[in-house]
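Asker: The structure follows.
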Amino acid sequence: MSVKRVSGIITALLTPLKRDLSLNENGLESLIGFQAEKGIRNFFVMGTYGEGVALPLRTRRELISKLADILPSGSFAIVHVGSADPEAALELARLAGDQGFKAVSSLGPIYHRPTTEALIGFYDYRSKAGTDLIIYNNRGRQGYNISPDAFEAIASEVPAVSGIKDTSYDIEQLQEYVERFGSRYFVAGAGDNLIYHTFAVGAAAHICGISNAFPELPLKLHRSFEEGRYADALTIQSRINRIRKILKRFPVESPEVVREVLKLRGIDAGEPPFHIGGLDEKRRSELGKALAPILRDIENL
């Protein structure tokens, strides 16, 4: 299946880890099984929630190889290969292609701000892997925006470019992406406070972090939207926003809070990277108490 045909909710998958930063294979199997059981079929791996750019190259290789073995039939995974090291990114993209993955994604260059001409060269180099290539525009993480005009310039020169994941939190920009490119390219939104808005402007898919722990809600939102029950979909978005506010009380990266929520749901999501850190026992207890009524409601959906 081509990435251009992928739609709906795509989980921005966490990477279950051991303390030495190697892959927690049992945790990965549990997490994928949980997602599949709840109805998630498509995944974006080693992005922000998967902490790919923070992981050793050996772990990223492990994940690509293991994921190829355990993905359920009919699933589609976009493998994020972004790295400050161009050769490492290309190696990961080639490995993904060799393992049967049809699409890879990459942030733009990090730390140093590129020109548009440099972005073209950057993505052309990554295209040598021979897979479909999804541009990952994460303005907050890479430090600049990849505008629709810049995307058009890149895509016109790099035939492997098949779409964009836009994490700009700018609905006007996402709408422009859809209007200008949606008929020819895969266009996905991100930012879990904007799931409803992603589909309202006509984007094919939303790449979702909170669906790691609460897949029921984004799936129900998308189903309501598809069925024309827009008020119901908006109500679910408000519910997701309330959960996000609870998670944001805790002073760690979002993936690390979501790891703890998964443990509350009986899923081993592994350990946080030691150089990023997670919750201590006191905050774990606070999180459990805050989410207890929400988890009871979710289990009854």
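We did not get these values from a lab; they are worked out from the coordinates using the rules stated. Computed from a predicted structure; not experimentally measured. Neighbour counts are summed over all protein chains in view; Cβ atoms, including those assigned to glycine, are modelled from backbone coordinates with ideal geometry.
Asker: Magnitude of the Cβ-charge dipole of the chain, K/R +1 and D/E -1, about the Cα centre, nearest 20 debye?
Answerer: Details: 37 positive and 37 negative charges, 134 e Å.
It comes to approximately 640 debye.
Asker: Can you list the residues of the range 52-71 with backbone N under 11 Å from a point 7 Å past the Cα of ILE110, pointing along Cα to Cβ?
Answerer: Output list for this probe position: 52-56.
Asker: Return a whole-number percent for the relative contact order of the range 1-100, with Cα pairs under 8 Å and 6 or more residues apart as the contact set. If you can, show how the numbers build up before the last one.
Answerer: Details: 120 pairs, mean separation 29.1, N = 100.
Worked out over the range 1-100, it gives 29 percent.
Asker: Once you put a point 7 Å from the Cα of SER73 and another 7 Å from the Cα of HIS275, both along the Cβ direction, what distance in nm separates them?
Answerer: Once both label points are built, they end up 4.2 nm from each other.
Asker: Taking 7 Å along the Cα-to-C-beta vector as the label spot, tell me the LEU57-ASP297 distance in nanometres, rounded to one decimal.
Answerer: Distance between the two pseudo-spin positions: 4.7 nm.
Asker: Under 18 Å Cα to Cα from LYS66, which lysines show up? Leave out anything in the same chain fewer than 8 places away.
Answerer: Counting by Cα, and skipping residues close in sequence, LYS66 has these lysines nearby: LYS18, LYS102.
Asker: Here is a further query. Provide, for q = 0.09, 0.13, 0.15, 0.16 Å⁻¹, the log10 of I(q)/I(0) from a solvent-free Debye sum over equal Cα point scatterers in the range 3-299.
Answerer: Relative scattering, expressed as log10 I(q)/I(0), comes to -0.40, -0.88, -1.19, -1.36.
Asker: So if R0 is 22 Å, what FRET efficiency would LYS282 and LYS248 give, r being the distance between their Cβ atoms, rounded to the nearest 0.05?
Answerer: Values: r = 17 Å, r/R0 = 0.79.
E between LYS282 and LYS248, to the nearest 0.05, is 0.80.
Asker: Additional query: If the chain between ASP98 and ALA118 were fully stretched, how many nm would it gain, using 0.36 nm times the residue separation less the Cα-Cα distance? Walk me through the numbers on the way to the answer.
Answerer: Details: separation 20, 0.36 × 20 = 7.20 nm, distance 2.73 nm.
4.5 nm is the gain from fully extending ASP98 to ALA118.
Asker: While we're looking at this one, here's another question. So which lysines can LYS220 reach, going by Cα to Cα under 19 Å and dropping same-chain residues fewer than 8 places off?
Answerer: LYS38
Asker: Right, something else. If I model a spin label at LEU264 and ARG141 as a point 7 Å from the Cα along the Cα→Cβ vector, what separation in nanometres do I get?
Answerer: About 2.4 nm separates the two model spin labels.
Asker: Just need the relative contact order of the chain here, percent rounded to a whole number, with Cα pairs under 8 Å and 6+ apart. Each step should come with its number before you reach the end.
Answerer: Numbers: 538 pairs, mean separation 60.1, N = 301.
Answer for the chain is 20 percent.
Asker: Put +1 on the Cβ of every Lys and Arg and -1 on every Asp and Glu Cβ in the range 3-299; which of PRO255, PRO56, SER285 then has its Cα farthest towards the positive end of the dipole?
Answerer: SER285
Asker: Set the Förster distance to 35 Å, then compute FRET efficiency between SER2 and ALA290 from the Cβ-Cβ distance, nearest 0.05.
Answerer: On the way: r = 42 Å, r/R0 = 1.19.
Efficiency, rounded to the nearest 0.05: 0.25.
Asker: So if R0 is 51 Å, what FRET efficiency would ARG19 and TYR230 give, r being the distance between their Cβ atoms, rounded to the nearest 0.05?
Answerer: On the way: r = 46 Å, r/R0 = 0.90.
Efficiency for this residue pair is about 0.65.
Asker: If you don't mind, there's one more thing I want to ask. To make sure I understand the rule: partners must be lysines, Cα under 18 Å from the Cα of LYS289, and not fewer than 8 residues away in the same chain. Which ones qualify?
Answerer: Cross-link targets: LYS245, LYS248, LYS263.
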